[in-house]
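The values are calculated or read from the model by the stated rules, or taken from the named source; none is laboratory data. Bear in mind that the values here come from a model prediction, so they are computed numbers and not experimental data. We place every Cβ from the backbone using ideal geometry, glycine too, and count neighbours over all the protein chains shown. Areas reflect the complete protein model, heavy atoms only, side chains present, ligands, DNA and RNA absent. Shrake-Rupley method; radii C 1.70, N 1.55, O 1.52, S 1.80 Å.
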Amino acid sequence: MTRKLSQNRWNWSQKDQQWVFIECNDNGTLIYHYQINPPKEFTELTMKIKNLNDKLIICKDSKENSKIFNEMMRISKRMQSMGKTC
């Protein structure tokens, strides 16, 4: 079962095998924007999470681990609400 695609944010469509951004114009019509490559912001945030994860793996201090983890969660939440930038 696939989840319903959300408006006003980027979604990965398994059915279409591409990224889709759904916006609603003034008269209520949904406008779909498709692209094959991930949004630039998604790629940038993915790299930030990867770098933080690398730091988390080698970090021994529990307070620093918590700080890194919280930053990863903040970035993850941002990824789930990415808007249209173009």
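List of remarks:
- Filtered by the rule that a residue be farther than 18 Å from residue 77 by Cβ and either touching a residue at least 24 places away in the same chain (Cβ under 8 Å) or in a loop (DSSP other than H, G, I, E, B) (or both), region 1-15 gives 1, 2, 4, 5, 14, 15.
- The residue that is most open to solvent (accessible area, probe 1.4 Å), among those in region 16-58 that are within 17 Å of residue 68 (Cα to Cα) and touching a residue at least 24 places away in the same chain (Cβ under 8 Å), is 48.
- Flag for residue 62 being under 17 Å from the mean Cα position of the chain (by Cα) and hydroxyl-bearing (Ser, Thr, Tyr): no
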